[in-house]
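Participant: The following block contains the structure, expressed as structure tokens.
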Amino acid sequence: MNSGSWDTVIVGGAVIGSSVAYWLSENPDYDGTVLVVEPDPTYQRASTTLSEASIRHQFSNPINIALSQFATEFLADFHTHVEVDDEAPDLGFRDTGYLFLATESGMEAMRENHETQVACGAQVALLNPAELTARFPYLFVDDLAGGSLGLRHEGSLDAYSLMRGFQGRARHNGVEYATDRVVDLALNDAGNRVAGVELASGRMVDCGWVVNCAGPRARWIAEMVGLELPVEPRIRSVFSFDCRESLGGSLLPLTIDPCGLHVRTDPPHYLTGVPPDPDLEVDPDDFRVRHDEWEEQVWPALVHRIPAFERIGVTHTWAGHYAYNTLDQNAVVGPAGPVPNFLFANGFSGHGLQQSPGVGRAISELITYGEYQTLDLRELGYDRILRAEPFVERSVI
Ligand SMILES: Cc1cc2nc3c(=O)[nH]c(=O)nc-3n(C[C@H](O)[C@H](O)[C@H](O)COP(=O)(O)OP(=O)(O)OC[C@H]3O[C@@H](n4cnc5c(N)ncnc54)[C@H](O)[C@@H]3O)c2cc1C
């Protein structure tokens, strides 16, 4: 059954899919229609709503820095960008900074990253152990050689509000959302264009462009057009805890320990987690919190770095999936070479929320103009996947 025709069909309506829809619908040069297909309008299991929702400028690659800088600019005026009848969700941005800590072995990379960040205009400071103690007296610094602190524009926000902002404005602009699931993509006879999108409801939709925004399930959407995408669901357990002892002073930045632990303020609590060891693909329906991580990895590492965390209590936990790019833990953005009307916006691993404004805009430019107009994201393209050449980003969490 043919159920209509859309110029652009977006697979997945969470923060990336809705950002693409938003940017297309805001662009007066794009005169097409947009359909977003999303099976779960509650988004309960989307990476977006299970995210720790933080933004940083401290990357090692200028492209990732630029994407976050654009996010900062966009989010600063979020209300104006997404308001409908003068209403817009509140992002609740908290400018706490990120604090990367390093032992001696990590200092050279930290200094190099710092130079790149400064050259890109990021407001960051390198701190020696004495300076770390002066600013953050609760940190144990004896085994540290230094730290890198974001001074401005880094912190956390409300991920759900960001997504709802994109969605609300996109709908207002005429984008349609279908509660359905993409189950197959039909290629033309030559096998080089997606011609139709098959939905679980039985609907068959004609399309001009298809954008893969299916998060941790992106690989299976790519397989529908015969392409391999090295993206898999990987579990990340998040522990929220309460500490009666005040750390005093400013809010705890999102602190990344050399052992891989991260912890940040989430007033009145704290959020923390570590990458699992081993870090393997999981079933896309497996959202079981790995409670053993708390006892074995998280709590010992917390107490080591911040002795005031000796007496703490877990308040709640959840687990979400990274759409983990096994080649290089970075986004795959842009056309699929052999099927050029199929676009990737996938593999964001742990930093897709902050890249959503820039990537949505970039995909809308590709569709509207056939090329990037603002940020050139070709280095994040699918070609590198085919060549198995990683996009180097040293600063992944
Ligand atoms: C614990 C955790 C912490 C994180 N912390 C941060 C952070 O601090 N900062 C940051 O920037 N990023 C962070 N991330 C990463 C960030 O959340 C993701 O990169 C981002 O949300 C990806 O958005 P998305 O829209 O691509 O994917 P998702 O939010 O997963 O959305 C994908 C959507 O596709 C839909 N879908 C799937 N299959 C189909 C189909 N067949 N048909 C139609 N629709 C389909 C799904 O229902 C889903 O709604 C974190 C992630 C996790 C799990």
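What follows is calculated from the coordinates using simple rules that are stated; it is not laboratory data. Remember, it's a predicted structure, so these values are computed and weren't measured experimentally. Please note: Cβ atoms are built from the backbone with ideal geometry, for glycine as well, and neighbour counts cover all protein chains shown.
Participant: What ³J(HN,Hα) values, in whole Hz, does the Karplus curve 6.51 cos²θ - 1.76 cosθ + 1.60 give for segment 322-338 when θ = phi - 60°, with x put for Gly and Pro?
Facilitator: 6, 8, 7, 7, 6, 6, 8, 6, 10, 5, 10, 10, x, x, 7, x, x
Participant: A further question follows. Please get the size of the charge dipole for segment 35-145, origin at its Cα centre, with Cβ charges of +1 on Lys and Arg and -1 on Asp and Glu, quoted in debye to the nearest 20.
Facilitator: Result for segment 35-145 is approximately 360 debye, rounded to the nearest 20.
Participant: May I pose another question? For Thr265, Thr315, what's the fewest-to-most ordering of other Cβ within 10 Å of each Cβ?
Facilitator: If I rank by nearby Cβ atoms, fewest first, I get Thr315, Thr265.
Participant: Shifting gears a bit: Only bridges with both residues in the chain count here: give the DSSP antiparallel percent, nearest 5.
Facilitator: 70 percent
Participant: Over segment 46-195, what is the relative contact order in whole percent, taking alpha-carbon pairs under 8 Å and six or more residues apart?
Facilitator: Relative contact order comes out at 33 percent.
Participant: Pairs of alpha-carbon atoms within less than 8 angstrom and 6+ residues apart define the contacts here; what relative contact order does segment 253-397 have, in percent?
Facilitator: Rounded, it is 18 percent for segment 253-397.
Participant: Given the options Ile256, Ile55, Ile312, which has the most mean-square fluctuation in a GNM of the chain, springs set between C-alpha atoms less than 10 angstrom apart?
Facilitator: Per the Cα network of the chain with a 10 Å cutoff, Ile312 tops the list.
Participant: Another question, then. Using alpha carbons only, how many angstrom separate the centre of segment 285-355 from the centre of segment 1-58?
Facilitator: Computed from Cα coordinates, the inter-centre distance equals 21 Å.
Participant: For the chain, what's the relative contact order in percent, using C-alpha pairs closer than 8 Å and at least 6 residues apart?
Facilitator: 24 percent
Participant: For the chain, with a Gaussian network of springs between Cα atoms less than 10 Å apart, report the residue from Gly226, Gly17, Gly360 with the top mean-square fluctuation.
Facilitator: Gly226
Participant: Also, quick follow-up: Where does each of Val396, Val359, Val37 land when they are ranked from fewest to most other beta-carbon atoms within 10 angstrom?
Facilitator: If I rank by nearby Cβ atoms, fewest first, I get Val396, Val37, Val359.
Participant: Hey, another quick one. Along the charge dipole of the chain, Cβ charges K/R +1 and D/E -1, which of Pro89, Val289, Leu251 sits furthest on the positive end?
Facilitator: Of Pro89, Val289, Leu251, it is Leu251.
Participant: About the Cα centre of the chain, how large is the charge dipole given +1 on each Lys and Arg Cβ and -1 on each Asp and Glu Cβ? Please answer in debye to the nearest 20.
Facilitator: 220 debye
Participant: HN-Hα J couplings of segment 77-82 from phi, Karplus 6.51/-1.76/1.60, θ = phi - 60°, integer Hz, Gly and Pro as x?
Facilitator: Each residue's phi maps through the Karplus curve to give 10, 4, 3, 5, 5, 10 Hz.
Participant: Still on this structure, I have one more. Work from the charge dipole of segment 268-397 (Cβ charges, +1 for Lys and Arg, -1 for Asp and Glu, about the Cα centre) and give the residue of Val332, Gln355, Trp318 farthest towards its positive end.
Facilitator: Selected residue: Gln355.
Participant: Moving on. Can you tell which of Pro267, Pro258, Pro357 shows the greatest fluctuation in a Gaussian network model of the chain with Cα springs below 10 Å?
Facilitator: So, out of Pro267, Pro258, Pro357, the one fluctuating most is Pro267.
Participant: Sticking with this structure for a sec: Based solely on its DSSP helices, what 222 nm [θ] is calculated for the chain when runs of n ≥ 4 H residues each add -39,500 (n - 2.57) and the sum is averaged over all residues, nearest 500 deg cm²/dmol?
Facilitator: Mean residue ellipticity, 222 nm, calculated: -8000 deg cm²/dmol.
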